1. Which residues, taken from region 255-306, are among the polar types (S, T, N, Q) and farther than 30 Å from Gly242 by Cα?
2. Could you tell me how many of the residues in region 100-117 are out of contact with any Leu (no Cβ under 9 Å at 6 or more places or on another chain), surrounded by 14 or more Cβ atoms within 10 Å (Cβ to Cβ) and either small (Gly, Ala, Ser) or more than 17 Å from Ala54 (Cβ to Cβ) (or both)?
3. Report whether or not Lys445 is at pLDDT 90 or above, open to solvent by 30 Å² or more (accessible area, probe 1.4 Å), among the charged types (D, E, K, R) and touching a helix residue (DSSP H, G or I) at 6+ places or on another chain (Cβ under 7 Å).
4. Can you name the residue in region 271-297 that is out of contact with any helix residue (DSSP H, G or I) (no Cβ under 7 Å at 6 or more places or on another chain) and farther than 15 Å from Gly213 by Cβ and is also surrounded by the most Cβ atoms within 10 Å (Cβ to Cβ) among such residues?
5. Please tell me if Ser433 is open to solvent by 40 Å² or more (accessible area, probe 1.4 Å), hydroxyl-bearing (Ser, Thr, Tyr) and farther than 21 Å from Phe149 by Cβ.
6. Out of (1) open to solvent by less than 90 Å² (accessible area, probe 1.4 Å); (2) modelled with pLDDT of 85 or more; (3) in contact with a helix residue (DSSP H, G or I) (Cβ under 9 Å, 6 or more places away or on another chain), what's the single condition that is false for Gly49?
7. Right, Leu120: within 54 Å of the chain's Cα centre (by Cα), assigned to a helix (DSSP H, G or I) and more than 27 Å from Leu321 (Cβ to Cβ) or not?
8. Assess whether Gly457 counts as being closer than 28 Å to Pro374 by Cα, touching an Asp or Glu at 6+ places or on another chain (Cβ under 8 Å) and surrounded by 21 or more Cβ atoms within 10 Å (Cβ to Cβ).
Amino acid sequence: MTNPSGRRPLPTPDQAPSFRERLHNLRHLGRLVAQIWRTSAPLTSASIGLRLVASLQPIAMLYVGKLIIDEVVRLTGTVAPGPSFADWWESGALSPILTLLAIELTLVIGSDLLSRATGLVDSVLSELHSNTVSVELMTHAARLDLMHFESAEYQDRLERARRQAAGRNALLSQMFGQAQDIITVATLAAGLFAFAPWLILLLPLSFIPAIWGETRFNSLAYSMSRWRTPERRELEYIRYIGASAETAKELKLFGLGGFLIGRFKQLAHTIFLENRSLATQRAGWGALFSSISTLTYYGAYGFIVWRTITGDFTIGDLTFLSGSFLRLNSLFQKILLGFTQIAGQSMYLDDLFSFFEIEPTILSPAAPKPFPQPIRQCIVFDNVGFRYPEAEDWTIRNLSFTLSAGETLALVGENGAGKTTIVKLLTRLYDPSEGRITIDGIDLKDFAVEDIHANIGVIFQDFIRYSLTARENIGVGRIEDQNDMARIEDAAERSLADAVIRKLPQGYDQQLGRLFKKGRDLSGGEWQKVAIARAYMRDAGLIILDEPTAALDAKAEADVFSRFKSLASGKTAVIISHRFSTVRMADRILVLENGRILESGSHDELVALRGHYAELFELQAAGYR
């Protein structure tokens with residue numbers, strides 16, 4: 001349900017994660033620590049060791065400060081050995097105080113060095129960890145099925161995981177800092193307990209309200225962030241198309257700049273108002289809880305002063321106790337607030353680690369059979385049916401046909417007829433919902449997925465224009481041979497991309513695209529020839545071209561397919577095209593409608609049949625007369 005502005009309403013407090021859910025999410029902290037340790041065991045050990053030493057520094061500083069004050073008070077009550085500093089020095093009366101001052105100076109310098117060393121280690125470890133998480137994220141994403149990337153829900157999950165991959169590094173220092181503060185609290189509490197045990201009882205009054213507030217607002221902040229993931233993805237999308245080289249021409253010609261800016265501002269303002277409201281509430285309650293903490297401290301401080309006046313405590317005891325209580329109060333709040341913040345961060349970690357828990361469904365068998373090289377018999381679609389996840393309608397149903405080895409088969413049909421779905425099934429980007437696909441009598445599921453992809457050369461209409469060099473743009477077609485220039489040049493010559501590349505200032509080393517400095521962009525047809533070279537680079541036994549010449553003019557298309565027919569001799573090929581000048585070159589044509597075969601035959605046979613294909617052919621041919 002949406003509000004009148006079309007935006008979804010905010011989650012209410014009762015929709016925030018429950019205590020059990022927050023407790024359950026804490027399990028991710030162990031996974032995070034293991035991930036940090038995998039990143040660098042030496043740096044992780046160094047960070048822990050430095051913090052262990054630093055945790056003892058506060059109690060040492062306070063105690064040395066107490067001794068210094070008590071010694072100063074003692075010296076002021078003794079008879080002076082003389083009027084000058086030399087007299088005091090020669091008498092040896094200053095030796096204890098000077099020793100204590102030297103110890104304090106050493107502690108101060110050591111504290112600064114420890115802080116800098118810890119910051120350095122954490123900074124390096126944090127960057128390494130960010131890189132590690134990003135690599136693991138990309139590695140896992142590469143394992144997932146195509147259906148995961150064609151689902152809006154999974155796109156939201158991927159977006160949240162991406163944000164956490166770069167945004168949770170502060171949690172590393174926070175967790176280790178918590179351990180350091182806990183050790184410090186233990187030492188300070190022991191010292192305080194030795195002098196005034198009852199003061200510890202006042203501490204809960206100062207920090208419990210603040211903990212409750214932080215827990216509540218952390219949960220609401222997480223709920224809001226998760227709730228607004230679709231809108232944030234929309235913001236990033238508008239930000240991209242509003243300032244992108246790929247969209248610049250159309251935005252200018254259609255005057256879309258103002259429209260996109262207005263839409264971005266409206267959506268961004270909505271999210272801003274929600275965040276401002278939450279921040280305002282958090283600041284208001286935080287001020288109230290801070291006042292409670294301050295009143296508690298000064299109540300304890302006043303009592304310590306009174307006990308000092310009555311002679312129960314020395315001046316040194318006063319500074320030690322007041323300093324310990326103040327530091328303990330601050331650390332208790334910091335620790336408990338830190339725990340609630342870490343618990344809140346662990347909810348965000350769930351976004352990251354739950355993405356790692358998504359498992360692919362397109363898997364290789366335990367004992368895969370070798371892929372036929374070359375295909376000797378045929379590829380068979382045996383009563384194949386398929387519908388996309390969560391879709392009610394079948395994309396294809398009861399589909400059966402045979403593609404003989406060495407045959408070139410063209411698929412023709414209106415948009416949505418199932419042509420590209422057939423390609424996705426044949427390349428095992430999806431598995432059939434029913435029926436099966438065999439190659440030389442072996443079920444496609446019996447081959448290793450990597451083996452299938454390695455032996456099929458595919459170029460889709462929406463191929464990627466990599467902002468890499470021309471050599472790398474072709475080399476990605478067979479990544480293990482990306483440095484084989486002879487193979488790259490041969491693939492470019494086959495696809496007619498060599499003429500395009502020879503005109504570039506740096507030839508095969510020319511950076512393509514305009515994303516990076518000195519990059520050269522290509523026309524749509526030139527890019528398409530480079531993309532087709534990737535299929536030739538693979539030199540696979542099965543070649544699939546999905547609308548491969550959509551950006552080429554008629555002459556360039558004829559040249560490409562004339563070359564293709566000669567080079568594809570002995571190979572099995574599937575071509576999808578709306579241009580009948582292209583599909584007529586195929587040995588056989590399947591005319592698809594609503595996921596079923598309507599007509600089948602060669603170009604001449606289908607024209608003579610005077611059916612649907614002939615009608616479409618005449619309509620297209622009339623446009624050229």
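1. Thr280, Gln281, Ser290, Ser291, Ser293, Thr294, Thr296
2. 3
3. Details: at pLDDT 90 or above: yes; open to solvent by 30 Å² or more (accessible area, probe 1.4 Å): yes; among the charged types (D, E, K, R): yes; touching a helix residue (DSSP H, G or I) at 6+ places or on another chain (Cβ under 7 Å): no.
Against the criterion (at pLDDT 90 or above, open to solvent by 30 Å² or more (accessible area, probe 1.4 Å), among the charged types (D, E, K, R) and touching a helix residue (DSSP H, G or I) at 6+ places or on another chain (Cβ under 7 Å)), Lys445 does not qualify.
4. Asn275
5. Working: open to solvent by 40 Å² or more (accessible area, probe 1.4 Å): yes; hydroxyl-bearing (Ser, Thr, Tyr): yes; farther than 21 Å from Phe149 by Cβ: no.
Answer is no for this residue.
6. (3)
7. The answer is yes for Leu120.
8. Numbers: closer than 28 Å to Pro374 by Cα: yes; touching an Asp or Glu at 6+ places or on another chain (Cβ under 8 Å): yes; surrounded by 21 or more Cβ atoms within 10 Å (Cβ to Cβ): yes.
Spelling it out, Gly457 is indeed closer than 28 Å to Pro374 by Cα, touching an Asp or Glu at 6+ places or on another chain (Cβ under 8 Å) and surrounded by 21 or more Cβ atoms within 10 Å (Cβ to Cβ).
The values are calculated or read from the model by the stated rules, or taken from the named source; none is laboratory data. Note that the coordinates shown come from a computational prediction; the quantities given were computed from them, not determined experimentally. Methodologically, a virtual Cβ is constructed for each residue, glycine included, from the backbone with ideal geometry; neighbour enumeration extends over all protein chains shown. All accessible areas refer to the heavy atoms of the entire protein, side chains included, with ligands and DNA or RNA removed. Shrake-Rupley method; radii C 1.70, N 1.55, O 1.52, S 1.80 Å.
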